[in-house]
Structures are given as C-alpha cells and as structure tokens.
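S.K.: This is the structure I have questions about; it appears just below.
The values are calculated or read from the model by the stated rules, or taken from the named source; none is laboratory data. Keep in mind that this is a model prediction, so the values were computed, not measured. Here the Cβ positions follow ideal geometry from the backbone for every residue, glycine too, while neighbour counts run over all protein chains shown. These accessible areas exclude ligands, DNA and RNA; they are computed on the full protein's heavy atoms, side chains included. Shrake-Rupley method; radii C 1.70, N 1.55, O 1.52, S 1.80 Å.
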Amino acid sequence: MKAASISFLLLCATIATPLEAQHAHSRAADSSHMIGAADAAMSGPMSAAAMKHLELSPPRAATHADTVRAWEVVRQLRTVLTKYADTAAATADGYKMFAPQLKGQHVYHFTNYKNAFLEALRYDPEKPTSILYVRGPDGSLKLIGAMYTAPKRMRAGRLDGRVPLSIAGWHKHVKWCLPPRSEKDRWLERRDGMAVFGPESPIATKAECEDAGGNFYPSLFGWMIHANVFAGDDLGAIFSHEH
C-alpha cells in the first residue's frame, strides 16, 4: 500500500460524546492500514475506483464576491500558518507527524487530534486539524498549508460560510469496504489486479462488500478541505481536493 498520511482519528471530528471519542481512538489503534489510505488515493491523478469513494461538496456558481472572500481566506491562513514553517513549532503545539518511519510520503500530515475533535464544534483558522508539508530537494520538510475538517452532516451553507464552495471543494471519503478487524492481513488483498479493500477498491456497495467478506462503511470521515496556501497563487490549486 502506498505510504500516506491522513489519520483515522479524523473521525473524531464527527463524534458527539467523549465516550464515543474513546471508542474511535480504540478503533484507530487497530486500523493502521486504514490510516492514510484516503490520502494515498488522492495523491496525484485519481483513478475511477478512487472517485467512487469521494463525495464532493455541491458546486455553486462563482461570483466576484466569492473570489474576493476566498483570497481573504488565503491571506488569513498564510498569516496564521507561517509560524509552522518549522515542524518543531507544529510539534510544540501538539501536532504529531503521521508514520514518521514512512519516508516516501507524498504529503506529510502533522495532525492535532484534539483540534480534529473540536472542529465539530467550531472553525478556527489558527487551529487546523493537520499541518501539511512536502519533502524539499534538500530533504527538509517544506510547509505547503493545512487541512481543516467539519462534521459529516454539516450542511452546504455552513461549509460555504467557512470557505466559498464556488472556489473551494470540500470532500468526504465514502462507501469503503474494509476487512474485519481480526483480518488486518487482508488489507493488501487483490483480485483481478484491483484492491479488494480501501479507497482504491472498485467495491462501492454493501452487497459487494459482504460478498468479499468485508465490512461496509457508508462514510468514514467528516468533510475535509486542503488549503495549500503556500503552493502558489492559483485558487483552484490552493483548494484542490487532490494533493
């Protein structure tokens, strides 16, 4: 499986009680292969199979006001995220690098699980769920932006209130077929050259998943948005759902 970096604990962004959050932490500890699988599927051009597992926020007609507001968001995020140019600053603020032993990650996420949970209650540009870095030519990690999350049931109007939907696409990872927790060794299983489980699997229905001996999840994570505010000056690239 391709190395990647979104943590299953982002599920906490959709959880309502501390008890459920504890259960989510327990499930995450048993699901190491699922951690980052979503991001792996979104690194570069997406396959037809991966697109089956992606739900995008509803598009809206672009307006000049939306463009102005989007640039205001970018300027704000660039200001508040600059302090994380050094990964030590992110670590000091409670962000933990996902899978540091995996050196070939396309995008490195430093995730703050407390922020992921609080995103269900508020939107704070200064406290994103994850800080995003890429490996530079000299081997150092270069800040490119952040990822913000929202509850899976949040309506489009509220998502638009955070970042205009005509400019920025929020996304959710949906219709996943996963191996039973007791059969984690099946994560790499393939049939006819295709992954059986995870975001690269062509399986996208409960019936197909059960036939494969898996467990079907209509929606695993909440809404997510990448704000690659240091990756250039094109709004489409800054807010692309692909890395």
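S.K.: How many residues are touching a residue at least 40 places away in the same chain (Cβ under 8 Å) and either out of contact with any Ser or Thr (no Cβ under 6 Å at 6 or more places or on another chain) or open to solvent by less than 70 Å² (accessible area, probe 1.4 Å) (or both) if we restrict to segment 104-117?
M.R.: Total satisfying the criteria: 9.
S.K.: Go through the residues of segment 123-131 one by one and say whether even a single one is among the β-branched types (Val, Ile, Thr), at pLDDT 90 or above and open to solvent by 10 Å² or more (accessible area, probe 1.4 Å).
M.R.: No, every residue in segment 123-131 fails to be among the β-branched types (Val, Ile, Thr), at pLDDT 90 or above and open to solvent by 10 Å² or more (accessible area, probe 1.4 Å).
S.K.: State all residues of segment 132-153 that are buried (at least 17 other Cβ atoms within 10 Å of the Cβ) and either touching a Pro at 6+ places or on another chain (Cβ under 8 Å) or of a type in the set (S, T, N, Q) (or both); if no residue qualifies, say none.
M.R.: 146, 147, 148, 149
S.K.: One residue is enough: does segment 112-132 have a residue meeting the conditions over 19 Å from residue 73 (Cβ atoms), touching a strand residue (DSSP E or B) at 6+ places or on another chain (Cβ under 6 Å) and not hydrophobic (A, V, I, L, M, F, W, C)?
M.R.: no
S.K.: Under the condition of being modelled with pLDDT of 90 or more and assigned to a helix (DSSP H, G or I), which residue from segment 210-237 is farthest from residue 70 (Cα to Cα)?
M.R.: 211
S.K.: Do any residues in segment 171-186 that are part of a helix (DSSP H, G or I) have Cβ atoms under 6 Å from those of residues that are crowded, with 21+ Cβ neighbours inside 10 Å and at pLDDT 85 or above, where the two are at least six apart or on different chains, and which pairs are they?
M.R.: 186/179
S.K.: Further, regarding this structure: Scan 156, 88 and give me the residue that is hydrophobic (A, V, I, L, M, F, W, C), more than 23 Å from residue 223 (Cα to Cα) and exposed (fewer than 15 other Cβ atoms within 10 Å of the Cβ).
M.R.: Unique residue meeting the criteria: 88.
S.K.: Could you grab me the full set of residues in segment 193-236 that are among the hydroxyl-bearing types (Ser, Thr, Tyr), buried (at least 17 other Cβ atoms within 10 Å of the Cβ) and more than 19 Å from the chain's Cα centre (by Cα)?
M.R.: Listed by number, the list is empty, since nothing qualifies.
S.K.: Here's another thing I want to ask about it. Which residues, counting only those in segment 187-209, are in a helix (DSSP H, G or I), charged (D, E, K, R) and either modelled with pLDDT under 90 or touching a Phe, Trp or Tyr at 6+ places or on another chain (Cβ under 6 Å) (or both)?
M.R.: 206
S.K.: Also, I was wondering about something else. Yes or no: segment 131-154 includes at least one residue that is part of a loop (DSSP other than H, G, I, E, B), aromatic (Phe, Trp, Tyr) and either closer than 20 Å to residue 89 by Cα or under 20 Å from the mean Cα position of the chain (by Cα) (or both).
M.R.: No: zero hits.
S.K.: Among (1) within 18 Å of residue 236 (Cα to Cα); (2) open to solvent by 50 Å² or more (accessible area, probe 1.4 Å); (3) part of a helix (DSSP H, G or I), which single condition is residue 70 missing?
M.R.: So residue 70 meets the others, but not (2).
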